1. Of the residues that make up the range 180-196, is at least one touching a Cys at 6+ places or on another chain (Cβ under 7 Å) and either within 25 Å of Gly126 (Cβ to Cβ) or among the aromatic types (Phe, Trp, Tyr) (or both)?
2. So in the range 175-200, with the set limited to residues that are of a type in the set (A, V, I, L, M, F, W, C) and either at pLDDT below 90 or within 17 Å of Leu309 (Cα to Cα) (or both), which one is farthest from the chain's Cα centre (by Cα)?
3. Which of the residues belonging to the range 224-236 are of a type outside the set (S, T, N, Q) and either closer than 18 Å to Ser291 by Cβ or outside any helix (DSSP H, G or I) (or both)?
4. Residues of the range 179-213 being closer than 28 Å to Ala68 by Cβ, free of Cβ contacts under 8 Å to residues at least 60 places away in the same chain and assigned to a loop (DSSP other than H, G, I, E, B), which ones?
5. Just the residues that are over 11 Å from Asn87 (Cβ atoms), touching a residue at least 24 places away in the same chain (Cβ under 8 Å) and surrounded by fewer than 20 Cβ atoms within 10 Å (Cβ to Cβ), please, taken from the range 139-154.
6. Are any of the residues in the range 290-298 in contact (Cβ under 8 Å) with a residue 12 or more places away in the chain and crowded, with 22+ Cβ neighbours inside 10 Å?
7. Got a sec? Which helices (runs of 4 or more DSSP H) wholly within the range 237-322 have at least 3 residues that are under 19 Å from Arg212 (Cβ atoms)?
8. Among (1) under 16 Å from Trp299 (Cβ atoms); (2) part of a helix (DSSP H, G or I); (3) small (Gly, Ala, Ser), there is one condition Ser164 misses while meeting the rest; what is its number?
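The values are calculated or read from the model by the stated rules, or taken from the named source; none is laboratory data. All values derive from a computational prediction rather than experimental measurement. Quick reminder, even Gly has a Cβ in these numbers, built from the backbone with ideal geometry, and neighbours come from all protein chains shown.
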Amino acid sequence: MVHATPDARIFVAGHRGMVGSAIVRRLEALGCRNILTRSRSELDLLDQAAVRDFFAREKIDQVYLAAAKVGGIHANNTYPAEFIYENLMVEANIIHSAHLSGVQKLLFLGSSCIYPRDAAQPMTEGALLTGPLEPTNEPYAIAKIAGIKLCESYNRQYGRDYRSVMPTNLYGPGDNYHPENSHVIPALIRRFHEAKVRGGQEVVVWGTGTPRREFLYVDDMAAASVHVMDLEPEVWQAQVQPMCSHLNVGSAVDHTIREVAELVSRVVGFPGALVFDTSKPDGTPRKWMCSDKLQALGWQPKVGLEDGLRQAYGEFLGRHGA
């Protein structure tokens with residue numbers, strides 16, 4: 001197999017995103033010298049012919065498929081067609097082109113939203129396709145499920161070694177702090193920071209504050225991704241099944257949204273009050289991943305939530321100013 005060695009030609013799709021940039025940092029720290037990246041202007045991943053030609057030309061050894069259209073509840077509710085179409089096209093173009101050009105090793109990054117809305121907690125890999133999805137992000141989830149099944153299908157039919165990992169909610173350097181389309185932690189960091197700067201008396205948080213969420217620092221996710229990619233095939237296959245071949249990646253700890261909001265408030269240094277707007281949707285009541293299989297393979301998260309939030313806020317200040 002091809003490990004993350006200095007000479008391996010490794011394509012990181014989505015290198016400008018939070019996860020992709022963290023994977024690049026991890027590979028560089030391991031001494032990898034031939035990391036291939038392309039911006040959207042250089043390679044449109046929605047363009048099947050362009051992706052096929054790129055793979056045929058570049059003689060790639062490994063692929064980390066971290067490119068995706070992502071967003072929080074508001075973005076998923078507002079742009080469901082874009083979320084399902086763009087994610088389906090990107091993963092199909094990359095996985096098929098990788099196969100056509102002889103790439104044997106690929107890692108597909110999915111999402112915890114693939115699991116049923118009311119899945120038993122903590123969610124195990126076997127919960128996939130056992131019930132209805134959360135309506136607010138179903139199109140995105142369907143696309144991610146399709147990505148898993150694409151990998152499984154090329155493995156079954158062509159003997160490829162295409163693996164899938166399903167991260168819990170991620171945060172950290174490179175996050176999207178858009179005021180409407182961001183996920184919960186970056187949205188809270190921005191909201192509390194702006195309230196502190198303008199001397200606001202309160203910050204409004206969507207929902208009741210009771211849903212529980214699990215969070216993982218993005219550099220821990222990057223380490224998990226490289227760890228999974230480098231596992232020997234027999235070790236990997238001992239933990240997965242041909243038609244249930246994905247592994248969860250989580251921190252093994254979850255928190256209520258209220259707890260997270262209070263922690264962000266403290267990290268940012270906002271002295272005012274929290275107000276919960278119960279007219280806004282909560283989303284899934286609880287999303288807690290069972291990561292026992294991956295931890296049995298030797299990976300453990302290293303960054304706790306408070307430390308991670310402090311690092312994330314520091315990076316936010318560096319990008320957006322104090």
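1. No, the range 180-196 contains no residue that is touching a Cys at 6+ places or on another chain (Cβ under 7 Å) and either within 25 Å of Gly126 (Cβ to Cβ) or among the aromatic types (Phe, Trp, Tyr) (or both).
2. Phe192
3. Once the filter is applied, which keeps residues that are of a type outside the set (S, T, N, Q) and either closer than 18 Å to Ser291 by Cβ or outside any helix (DSSP H, G or I) (or both), the range 224-236 yields Ala224, Val226, His227, Val228, Met229, Asp230, Leu231, Glu232, Val235, Trp236.
4. The answer is Pro179, and nothing else.
5. Filtering the range 139-154 down to residues over 11 Å from Asn87 (Cβ atoms) leaves 148-154.
Adding the requirement that they be touching a residue at least 24 places away in the same chain (Cβ under 8 Å) leaves 148, 150-152, 154.
Once the filter is applied, which keeps residues that are over 11 Å from Asn87 (Cβ atoms), touching a residue at least 24 places away in the same chain (Cβ under 8 Å) and surrounded by fewer than 20 Cβ atoms within 10 Å (Cβ to Cβ), the range 139-154 yields only Tyr154.
6. Yes, there is a match, as at least one residue in the range 290-298 is in contact (Cβ under 8 Å) with a residue 12 or more places away in the chain and crowded, with 22+ Cβ neighbours inside 10 Å.
7. 257-268, 305-320
8. With respect to (1) under 16 Å from Trp299 (Cβ atoms); (2) part of a helix (DSSP H, G or I); (3) small (Gly, Ala, Ser), Ser164 is out only on (2).
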